[in-house]
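Here's the structure we're looking at; comments come further down.
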Amino acid sequence: LRAHAVDMNGNKVENPIDLYIYVIDMNDNRPEFINQVYNGSVDEGSKPGTYVMTVTANDADDATTANGMVRYRIVTQTPQSPSQNMFTINSETGDIVTVAAGLDREKVQQYIVIVQATDMEGNLNYGLSNTATAIITVTDVNDNPPEFTTSTVKQPQKAVRTSVVIIRDLTGVSSRNWGGMGPPHQPMHSHFSFSQPREKIQHFAAAVDYEMNRAFMLTVMVSNQAPLASGIQMSFQSTAGVTISVTDVNEAPYFPTNHKLIRLEEGVPTGTVLTTFSAVDPDRFMQQAVRYSKLSDPANWLNINATNGQITTAAVLDRESDYIKNNVYEATFLAADNGIPPASGTGTLQIYLIDINDNAPELLPKEAQICEKPNLNVINITAADADIDPNVGPFVFELPSVPSAVRKNWTISRLNGDYAQLSLRIMYLEAGVYDVPIIVTDSGNPPLYNTSVIKVKVCPCDENGDCTTIGAVAAAGLGTGAIIAILICIIILLTMVLLFVVWMKRREKERHTKQLLIDPEDDVRDNILKYDEEGGGEEDQDYDLSQLQQPETMDHVLNKTPGVRRVDERPIGAEPQYPIRPVIPHPGDIGDFINEGLRAADNDPTAPPYDSLLVFDYEGSGSTAGSVSSLNSSSSGDQDYDYLNDWGPRFKKLADMYGGGEED
């Protein structure tokens, strides 16, 4: 670190000084092997002390201290044969060497050794450790000569490179010391040859045929390519006579010409005989019949005669079909015999189709755009033809004579054999979409032509020759007058909708502001009045009404804490004075009576607050109204009902019924 001394103002008061901090190493890192798996090899029969491999582990701690000093040791060895300590390791360098004799590849081909690396100079109590695996392969040496195991072999006919085990060598197959061979530069027979030296089998170099040879007699000598290891007192070669018998099997029919190629023009009619695709059965000593069938015919264009293999067309062959690749159509056929077991062979027929001029050219592109004034841009046109040369270009582009407006408005100029230019002939053409017919003729024999229509959008253009926004709309087929008419219709429609909304709002406002003289619910004229049911008469009056009356004693109320009271109890204190309805009401008194009752209820301090549950079980100590039991429907009496005429039209019916008795 570099330290600086400054005063309160930041001025240097002394020169800087360097402070050095030395970090003392601690043993906090395990040894790490460079590889988790090491592969090595050693020859079998090696003497003790033979070097095998080296394993290396690194420790990140200080190598000058015990923290970074690594020591190696072998933990386990698998298998422990012929000794459990076949190898040892140098504790400092990690070199693994053999420590015991008896390495035999024919008994143990591989050893797996677990190696441990420990720091702190190998102290297992304080050091940190890690392990790795060492795989030691015992390599082969030539310590076993070859031997023959059989002298008679039965071989099916037509077998090629069939394995025949005739040599036994205890030396490893993967070693150059195993392979046997005959005398050099002397082939055994035209049908047979030995395999590679490291394989212990014999191969047939060529197929044998029962119909040609039924048995072969061979004299075979075998020897090691490499000399025997020192100290082996045995002959390095062996000789034997081998008899190979050939057994007859059912051989599959085969097509002598496979693949068979034929050439013909496309478009031949259905049922045309193309060729005969027949197979040969090699079994001369068996009386067998061969039958044919289709194995693969992608377009289903062909038929084959099941008995003689004659190929005919089932449909018209088209060179432009998707099933044609490079002008070639390919089909596969099957030839099967009736042997035991049945055998079959396949053959491929390739048909090269010669092109004929059977496709008229098509104009490209189908749509284009051009300015309404000439000399600004042109339309490049070409043609596409499914045929191939010479039935394609050069093409001839021309305008038809009918309708006459086509040649009047448009012109075509030739660029080359495949391209031409379409442009305006007149100085101005109204914007819109025009269908321009063009006749395109190819160069086939005979030539084919096609009248194609190109949709040309004519529009006003800017100085760069591009269609303007208004021009694009006009080119869509709508003139200026049509666009203006559409806009006027839209404005009229929106105005009608707006007027309808305003009228609806005004009508709604008038309906809410109109005050009715009589509430519809109180209007009894021409209305059916519904009276709620009040029970089942006298049978429904068996109730204990004492529960609804105020208890006589008030002790439970007087003993309550002030401020706590049930809303269904009679309040203690002065009750509000509600107005008493007069016995003979006057029409003007009804409104005053209702207003006085409302005012008294609003000023009642004992009433529950608004929007709360009101309990009406308390009915007071008595009713100010008289008993209604004296009312009856008799017309006798001296009651005067003439005052009903003064109550207005709502009581006119009652006044007519009860008033004016003297007149009746």
#### Entry: Val242 vs. criteria out of contact with any His (no Cβ under 7 Å at 6 or more places or on another chain), surrounded by 15 or more Cβ atoms within 10 Å (Cβ to Cβ), closer than 30 Å to Glu330 by Cβ and of a type outside the set (Lys, Arg)
no
### Query
Across the stretch 344-363, what is the total count of residues that are surrounded by fewer than 20 Cβ atoms within 10 Å (Cβ to Cβ) and part of a loop (DSSP other than H, G, I, E, B)?
4
### Query
How many residues does the stretch 1-55 hold that are within 25 Å of Leu128 (Cα to Cα), open to solvent by less than 100 Å² (accessible area, probe 1.4 Å) and not in a loop (DSSP other than H, G, I, E, B)?
6
### Query
How many residues does the stretch 369-388 hold that are surrounded by 14 or more Cβ atoms within 10 Å (Cβ to Cβ), closer than 12 Å to Leu424 by Cβ and of a type outside the set (D, E, K, R)?
7
### Task
State yes or no: is Arg291 over 28 Å from Met212 (Cβ atoms) and either in the same structural domain as Glu211 (by the TED database) or of a type in the set (Lys, Arg) (or both)?
no
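For (1) under 30 Å from Val99 (Cβ atoms); (2) not aliphatic (A, V, I, L, M), each residue gets a yes or a no:
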| residue | (1), (2) |
| --- | --- |
| Val6 | no, no |
| Asp28 | no, yes |
| Asn35 | yes, yes |
| Glu44 | yes, yes |
| Thr56 | yes, yes |
### Query
Of all residues in the stretch 300-323, which are part of a loop (DSSP other than H, G, I, E, B) and either in contact with a strand residue (DSSP E or B) (Cβ under 7 Å, 6 or more places away or on another chain) or more than 19 Å from Leu353 (Cβ to Cβ) (or both)?
Trp301, Asn305, Ala306, Thr307, Asn308, Gly309, Ala314, Leu317, Arg319, Tyr323
### Message
Looking only at the stretch 281-307, filter to residues that are open to solvent by less than 60 Å² (accessible area, probe 1.4 Å) and under 14 Å from Thr346 (Cβ atoms); which one of those is farthest from the chain's Cα centre (by Cα)?
### Response
Val290
### Task
Say whether the condition of being surrounded by 15 or more Cβ atoms within 10 Å (Cβ to Cβ), of a type in the set (Ser, Thr, Tyr) and not in a strand (DSSP E or B) is met by at least one residue in the stretch 265-280.
yes
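Quick grid of which residues meet (1) modelled with pLDDT of 80 or more; (2) in contact with a Pro (Cβ under 9 Å, 6 or more places away or on another chain); (3) part of a loop (DSSP other than H, G, I, E, B):
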| position | (1), (2), (3) |
| --- | --- |
| Leu218 | no, no, no |
| Ser223 | no, yes, no |
| Pro227 | no, no, yes |
| Met234 | no, yes, yes |
| Val242 | no, no, no |
### Message
Condition (residue is surrounded by 14 or more Cβ atoms within 10 Å (Cβ to Cβ), within 21 Å of Ser404 (Cβ to Cβ) and in contact (Cβ under 8 Å) with a residue 12 or more places away in the chain) applied to the stretch 459-470: is it met by at least one residue?
### Response
no
### Query
How many residues, within the stretch 389-425, are among the β-branched types (Val, Ile, Thr), surrounded by 12 or more Cβ atoms within 10 Å (Cβ to Cβ) and in a loop (DSSP other than H, G, I, E, B)?
1
### Message
Just to confirm my filter: which strands (runs of 3 or more DSSP E) fall fully inside the stretch 61-142 and include at least 1 residues that are surrounded by fewer than 21 Cβ atoms within 10 Å (Cβ to Cβ) and without any contact (Cβ under 8 Å) to a residue 40 or more places away in the chain?
### Response
71-78, 87-89, 110-118
### Task
May I ask you to verify whether Thr88 is hydroxyl-bearing (Ser, Thr, Tyr), within 30 Å of Val23 (Cα to Cα) and out of contact with any helix residue (DSSP H, G or I) (no Cβ under 9 Å at 6 or more places or on another chain)?
no
### Query
In the stretch 426-442, what residues are open to solvent by 50 Å² or more (accessible area, probe 1.4 Å) and outside any strand (DSSP E or B)?
Met427, Tyr428, Glu430
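The values are calculated or read from the model by the stated rules, or taken from the named source; none is laboratory data. Being a predicted model, the structure only gives us computed values, none of them experimental. Note that we place each Cβ from the backbone using ideal geometry, even for glycine, and neighbour counts take in every protein chain shown. What goes into the accessible areas is simple: the full protein's heavy atoms, side chains included, and nothing from ligands, DNA or RNA. Shrake-Rupley method; radii C 1.70, N 1.55, O 1.52, S 1.80 Å.
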